[in-house]
Amino acid sequence: LKTSGLEFILKAELNTGVNGSLNTYLGYNIQRSVSSTGEVSKYISNLSPHLLVFQSRFTYKNAGLQIYGMYKQRNRHFSEMINSISPLSYWLFNLKTEYRLIPDKLSFEFRADNTFNKKYSDINGAELPGRWLSIGIKYWI
């Protein structure tokens, strides 16, 4: 198996004053894999020739809002060879809010993973859950 590709990462931070900030991350990966035997394995069929990941986090005083997710495109040729029922490409969005009751000690968060309830699979043929809501408490020791 021979894999080649490129990866680009862009990070930016903007302070909006004493109490706020905006952090953004954008990553793009393009890759190509070729098997010397011509055999299509599960590994090759699950590689994404185009993958875009993103994250933006805005904080103000003790509150935070984060939006993150990805765009994934599969190789049509490999998906057809294994009779995959997974989408050839999809966008996935997640949302997280956080409130720090005691900074660096105690916070509460709410998350909505797969916010728009997209049907998708990370591994061809294995569908992942729809929208997933969670509430949490963080305590730093």
Would you mind counting up the charge near Ser134? Only other residues with Cβ under 10 Å from its Cβ, with Lys and Arg at +1 and Asp and Glu at -1.
-> 0
Under a Cβ-Cβ cut-off of 11 Å, what is the net charge of the residues other than Ile67 that fall near it, where Lys and Arg count +1 and Asp and Glu count -1?
-> +2
Total charge of the residues flanking Lys96 in space, meaning their Cβ is under 10 Å from its Cβ, with Lys and Arg +1 and Asp and Glu -1, is -1
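Between their Cα atoms, which of Lys96/Lys138; Lys2/Lys119; Lys96/Lys118 are more than 25 Å away from each other?
Numbers: Lys96/Lys138 14 Å; Lys2/Lys119 31 Å; Lys96/Lys118 17 Å.
Going by Cα-Cα distance, Lys2/Lys119 fall outside the 25 Å limit.
No lab work stands behind these numbers, since they all come straight from the coordinates. All values derive from a computational prediction rather than experimental measurement. All Cβ positions, even for glycine, are placed from backbone atoms using ideal geometry, and neighbour counts span all protein chains on display.
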